[in-house]
Amino acid sequence: MAFDAGMLACVIAEIREKALGARIEKVFQPERDEIVLQMRSLEGGKRLLINAGSNNPRIGFTAEQKENPMSPPMLCMLLRKHLQGAKLTDVRQEGFERVARLAFETRDEMGFSCTRYLVAEVMGKYSNLIFLGDNDRVIAALRTVDFSTSSLRQVLPGMKYELPPKQDKTDPLAVGEAEFAALLENGARERPLDKWITASFLGISATVAREIAYRSTGRTDTPLGESDRERVKQAFFATVAQIRESRFSPCMILQNGKPVEYAFCELRQYGGGFDLQPFESAGLLLDAFFHTRDREIHVKQRAADVLRILTNADARIRKKLELQRAELLDCEKGEEYKKYADLITANLYRLSRGMTRVELTDYEDYREDGSFGTCVITLDSRLSPSSNAQHYYKKYNKSKKAKVELARQIELGEAELRYIDTVFDALTHAETAADLSEIRDELYRSGYASRMKNYALSKKPTNPTVAQFRTRGGYRVLCGKNNVQNEYITHKLAGKNDYWFHVKNLPGSHTVMLCEGEEPSVEDFTDAAEIAAYFSKGADGQNVEVDYTLVRNVKKPAGGKPGLVIYHTNWSCIVTPNAERVQAMREKK
């Protein structure tokens with residue numbers, strides 16, 4: 001899965017083909033470790049994303065537009081000062097390292113023509129983005145590296161830029177057949193072929209190494225000693241030739257519709273249960289692979305407090321429900337307490353103070369031989385027989401009342417669990433900081449303020465921004481990504497004769513198809529139902545049942561939690577949500 005040197009070569013070839021000579025129009029920094037350069041060339045507008053984070057570092061064109069912070073960070077301001085209006089004149093890969101150098105023709109503070117460089121080091125947890133001036137002097141860096149961090153290389157403003165320390169490996173683009181054969185001969189025979197490749201050559205990821213092993217031996221775990229040397233050499237140099245000649249075929253491997261792996265070349269090593277999806281460009285591939293991953297990471301980072309509150313509340317309620325259900329089972333003994341009290345009352349003349357137990361005839365236990373069973377009752381020796389009867393009557397009445405109250409409390413607890421599930425589901429669909437802010441406000445209003453330290457409710461409530469789609473017939477579909485947006489769509493935006501959709505018996509979004517007095521086609525209903533299924537907990541399932549009805553049939557119960565509605569008249573349909581189809585229907589902002 002690593003963004004290796006081969007993938008970087010694929011991206012650089014695409015940048016050289018489509019963006020050389022492009023002008024930088026704007027510079028954005030949507031995340032702390034991510035820069036987006038909006039540029040315009042003869043082919044039109046392009047957005048070049050450079051992510052130098054430790055989780056998903058990469059560089060490539062992107063079609064996604066992320067929400068930017070209200071106040072741009074210092075690095076973003078510096079890059080705007082130097083690069084806005086600059087022309088991209090060159091982009092190259094430093095050797096076969098995961099380092100890309102972008103050269104820009106611009107003007108300095110005095111108005112003289114000069115060249116500035118952006119160096120993207122896409123190296124996992126050591127990734128960095130460094131801005132260079134004349135003579136490769138560091139102007140700024142996303143992460144500065146001083147002597148306390150590394151004794152091998154420092155990255156500080158004013159210092160001359162140096163490449164990362166070289167590894168004791170061979171450059172696959174420079175190795176000859178004789179040298180390759182010698183390295184192969186000296187390798188440990190018991191070592192797996194793919195491990196030998198990654199340990200011997202620069203910039204080759206484990207995925208590509210396994211692919212070379214598979215193409216040469218038919219397996220991914222073949223030991224070096226059992227491999228055919230000639231076939232290994234052919235597979236290795238065929239892969240290297242693809243990089244050297246820029247004959248890339250980017251592809252992604254999916255399992256059950258979820259991205260698993262990607263590479264700059266075709267991956268044949270995966271068998272049944274996996275699907276191979278080719279892409280026309282590296283940018284499209286990276287967008288498709290990292291879209292969901294990036295969103296999940298950002299949600300975890302930005303909504304850590306909300307996740308902690310919800311997780312703790314979920315655990316607390318489940319534990320409370322477990323105890324209440326155990327108490328409810330004990331309440332089933334209430335009828336036994338009444339029977340004991342009745343038997344004691346009927347046999348008062350036979351009992352006396354000081355008795356600890358008594359065996360009495362149970363006239364309800366009639367047997368086939370005409371006799372009756374007996375019942376052993378424990379007595380409190382300190383109480384009179386009548387007081388013991390009253391004691392059991394009190395326990396019976398207490399259990400009767402507790403049974404009603406416990407059933408009510410269990411129902412309330414289960415309703416709160418269902419509500420928490422809807423908020424968990426909303427977090428999976430949150431895309432912007434505004435979405436997360438709406439979820440926090442909702443939790444604050446729902447009574448979770450004591451667990452949200454230093455949180456202040458939004459003073460100026462604004463109308464939520466909901467997701468909008470177009471069906472095949474051109475009907476507009478609105479979809480809420482959290483309970484605040486759900487209520488806004490259902491009770492504010494929708495007309496009484498519009499159609500309302502929701503996945504059946506699962507947390508999910510309210511989805512409304514605006515009909516404007518018309519009757520949509522079957523295809524339009526299917527599209528709207530797919531959207532509702534995709535924005536629900538059943539998004540990864542198949543044959544998901546979706547309820548739909550007219551908006552006038554949807555009511556909010558008095559005192560109900562945010563997003564809670566009831567309806568009694570509806571139709572149902574079965575759909576299988578498809579992420580690509582749903583995203584294709586979505587209207588761009």
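The values are calculated or read from the model by the stated rules, or taken from the named source; none is laboratory data. Keep in mind that this is a model prediction, so the values were computed, not measured. Here Cβ is always computed from backbone atoms with ideal geometry, including for glycine, and neighbour counts include all displayed protein chains.
Filtered by the rule that a residue be of a type outside the set (A, V, I, L, M) and touching a residue at least 40 places away in the same chain (Cβ under 8 Å), the range 534-552 gives Y534, F535, S536, K537, D540, E545, D547, Y548, T549, R552. Of the residues L310, L285, which single one is in a helix (DSSP H, G or I), buried (at least 18 other Cβ atoms within 10 Å of the Cβ), touching a residue at least 24 places away in the same chain (Cβ under 8 Å) and assigned by TED's automatic domain parsing to the domain that holds Q409? Sole residue among the options that is in a helix (DSSP H, G or I), buried (at least 18 other Cβ atoms within 10 Å of the Cβ), touching a residue at least 24 places away in the same chain (Cβ under 8 Å) and assigned by TED's automatic domain parsing to the domain that holds Q409: L310. Of all residues in the range 423-435, those being within 14 Å of the chain's Cα centre (by Cα) and over 13 Å from I309 (Cβ atoms) number 7.
Could you pull out the residue among L49, L78 that is surrounded by 14 or more Cβ atoms within 10 Å (Cβ to Cβ), within 30 Å of D171 (Cα to Cα) and in contact (Cβ under 8 Å) with a residue 12 or more places away in the chain? Result of the check over L49, L78: L49.
When you check L406 against the structure, is it assigned to a helix (DSSP H, G or I), touching a helix residue (DSSP H, G or I) at 6+ places or on another chain (Cβ under 6 Å) and either modelled with pLDDT of 85 or more or crowded, with 16+ Cβ neighbours inside 10 Å (or both), yes or no? Yes: the conditions hold for L406.
Contact map, the range 491-506: first residue in the same structural domain as V575 (by TED's automatic domain parsing), second residue of a type in the set (V, I, T) and surrounded by fewer than 19 Cβ atoms within 10 Å (Cβ to Cβ), Cβ cut-off under 7 Å, separation 6 or more or different chains; pairs are W500/T549. Residue count for the range 224-241, restricted to those that are surrounded by 18 or more Cβ atoms within 10 Å (Cβ to Cβ) and either of a type outside the set (V, I, T) or not assigned by TED's automatic domain parsing to the domain that holds L183 (or both): 4.
One residue stands out in the range 492-516 among those that are of a type in the set (A, V, I, L, M) and within 28 Å of I420 (Cβ to Cβ): the one that is surrounded by the most Cβ atoms within 10 Å (Cβ to Cβ), namely V512. When P520 is tested against the conditions (1) closer than 16 Å to R476 by Cα; (2) under 27 Å from the mean Cα position of the chain (by Cα); (3) not in a helix (DSSP H, G or I); (4) not acidic (D, E), the lone failure is (2).
I'd like to check something: does the range 268-281 contain any residue that is among the hydroxyl-bearing types (S, T, Y) and either surrounded by fewer than 22 Cβ atoms within 10 Å (Cβ to Cβ) or farther than 30 Å from Q65 by Cβ (or both)? Checking the range 268-281: at least one residue is among the hydroxyl-bearing types (S, T, Y) and either surrounded by fewer than 22 Cβ atoms within 10 Å (Cβ to Cβ) or farther than 30 Å from Q65 by Cβ (or both).
Considering (1) surrounded by 14 or more Cβ atoms within 10 Å (Cβ to Cβ); (2) within 19 Å of K496 (Cβ to Cβ), the lone condition that E519 does not fulfil carries the number (1). Taking the listed residues A389, A346, the one that is touching a helix residue (DSSP H, G or I) at 6+ places or on another chain (Cβ under 6 Å) and either exposed (fewer than 11 other Cβ atoms within 10 Å of the Cβ) or among the aliphatic types (A, V, I, L, M) (or both) is A389, with no other qualifying.
The conditions of being at pLDDT below 90 and surrounded by 15 or more Cβ atoms within 10 Å (Cβ to Cβ) are met by L184. The set of residues in the range 357-386 that are touching an Asp or Glu at 6+ places or on another chain (Cβ under 8 Å) and in a helix (DSSP H, G or I) is empty. Across the range 479-531, what is the number of residues that are touching a Lys or Arg at 6+ places or on another chain (Cβ under 7 Å) and basic (K, R)? Residues that pass the stated criteria total 1. Mind checking whether some residue in the range 363-380 is of a type in the set (A, V, I, L, M, F, W, C), closer than 30 Å to T428 by Cα and modelled with pLDDT of 85 or more? Taking every residue of the range 363-380 in turn, none turns out to be of a type in the set (A, V, I, L, M, F, W, C), closer than 30 Å to T428 by Cα and modelled with pLDDT of 85 or more. Considering the conditions (1) touching an Asp or Glu at 6+ places or on another chain (Cβ under 9 Å); (2) not in a strand (DSSP E or B), S572 is excluded by exactly one of them, (2).
The numbered conditions (1) within 30 Å of D168 (Cα to Cα); (2) outside any loop (DSSP other than H, G, I, E, B) are all true for F3 except (2).
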